[in-house]
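Visitor: Below: one structure in structure tokens.
Only the coordinates and a few stated rules stand behind these numbers; no lab work does. Everything numeric here is computed off the predicted structure, so don't read it as measured data. Backbone-built Cβ (ideal geometry, glycine too); neighbour counts: all protein chains shown.
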Amino acid sequence: RSPTKGKKKKNSPPAQLPAKVREIRRGLGMTMEGLLNMPGAAAGNAMRPPVQLITPSPGIVLKSVEKKTGKKVFINLVSNELVKRPVNASDQEVDDEHLDKLGIRNLRVPLDVGEPKQSTDKHGNPAMKCDVIFHPAVVDRCHPGLPTSDYFVAELATLALYWVSKEMDSELVGWKVIKGKYHGDGPEPFPWVDGAWDPWANGGKSQPKTTKNTGASEGAAGP
């Protein structure tokens with residue numbers, strides 16, 4: 001049974017962006033290569049946590065449109081176990097039973113957004129693509145045929161479109177799920193900062209109020 005059956009969704013956008021990796025990179029004016037070679041905590045510098053590349057697993061593909069240009073934007077929802085599961089107000093990760101029964105209402109959903117890149121549609125027309133990475137527990141519940149599919153697709157689409165539009169600095173309108181698990185040659189590696197989704201990134205606060213270094217985004221309403 002879908003967690004949203006008989007319930008209305010909130011239309012307000014999520015409030016927090018997990019941009020720890022990009023903030024570190026931009027704040028230091030570093031390239032990706034420079035970021036990966038940055039001394040980590042193992043070298044005794046707690047301000048520079050170790051960074052590695054993680055390769056996500058493909059999941060589902062959303063197709064949206066850039067309002068200003070009419071250009072198609074393909075959003076790949078991908079996953080990796082290093083991303084935290086949805087967490088409650090106490091920064092505790094919730095289990096599968098919670099997700100199946102209650103969805104992600106009142107939870108923060110850790111995610112990260114890759115760099116938007118040039119691509120093409122099936123006709124060879126110019127398009128954009130962007131990857132959004134979550135924990136497998138939420139992406140796996142989007143697969144067609146599952147009772148949780150409609151609910152989780154809608155929730156993750158809300159999150160993904162909101163933050164991809166922020167990353168592109170351009171409004172996206174509408175979305176649909178298209179065939180395939182990934183648009184492009186294959187999932188591209190994400191730079192992962194050790195502890196990026198841990199409570200310390202929030203300054204020890206269980207409910208971060210700013211958009212800085214939170215590593216989480218409020219999920220849209222569940223049931």
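Visitor: How large is the dipole of segment 49-199 about the Cα centre if only Lys and Arg carry +1 and Asp and Glu carry -1, each at its Cβ, rounded to the nearest 20 debye? Present the calculation step by step, with values, prior to reporting the outcome.
Guide: Working: 18 positive and 22 negative charges, 168 e Å.
My answer is approximately 800 debye.
Visitor: Now for a separate question. Exactly which GluC sites (Glu not before Pro) in segment 79-172 are in a DSSP loop and have at most 14 other Cβ atoms within 10 Å? Could you put the intermediate results ahead of the total?
Guide: On the way: sites: Glu81, Glu93, Glu97, Glu155, Glu167, Glu171; in loops: Glu81, Glu171.
Sites meeting the loop and neighbour criteria: Glu81, Glu171.
Visitor: Here's a follow-up. Under 14 Å from the Cβ of Pro58, count the other residues' Cβ atoms, weight Lys and Arg +1, Asp and Glu -1, and hand me the total.
Guide: Numbers: positive: Lys129, Lys179, Lys181; negative: Asp131, Asp140, Asp185, Glu188.
Residues near Pro58 contribute -1 overall.
Visitor: Once each part is reduced to its C-alpha centroid, what is the distance from segment 70-107 to segment 155-197 in angstrom?
Guide: Segment 70-107 and segment 155-197 have Cα centres separated by 13 Å.
Visitor: Identify, among Gln118, Ala160, Gln52, the residue whose Cα sits farthest towards the positive end of the charge dipole of segment 49-199, taking +1 on the Cβ of Lys and Arg and -1 on the Cβ of Asp and Glu, with the dipole about the Cα centre.
Guide: So the residue furthest toward the plus end is Gln118.
Visitor: Considering the convex hull of the alpha carbon atoms of segment 49-199, report its projected area averaged over all viewing directions, in nm², one decimal.
Guide: Directional mean of the projected Cα hull area for segment 49-199 stands at 9.1 nm².
Visitor: Need the full-extension length gain, Thr120 to Glu171, defined as separation in residues times 0.36 nm minus the C-alpha distance. One decimal, nm. Display every interim value, and only then the final one.
Guide: Values: separation 51, 0.36 × 51 = 18.36 nm, distance 1.92 nm.
Additional length available on full extension: 16.4 nm.
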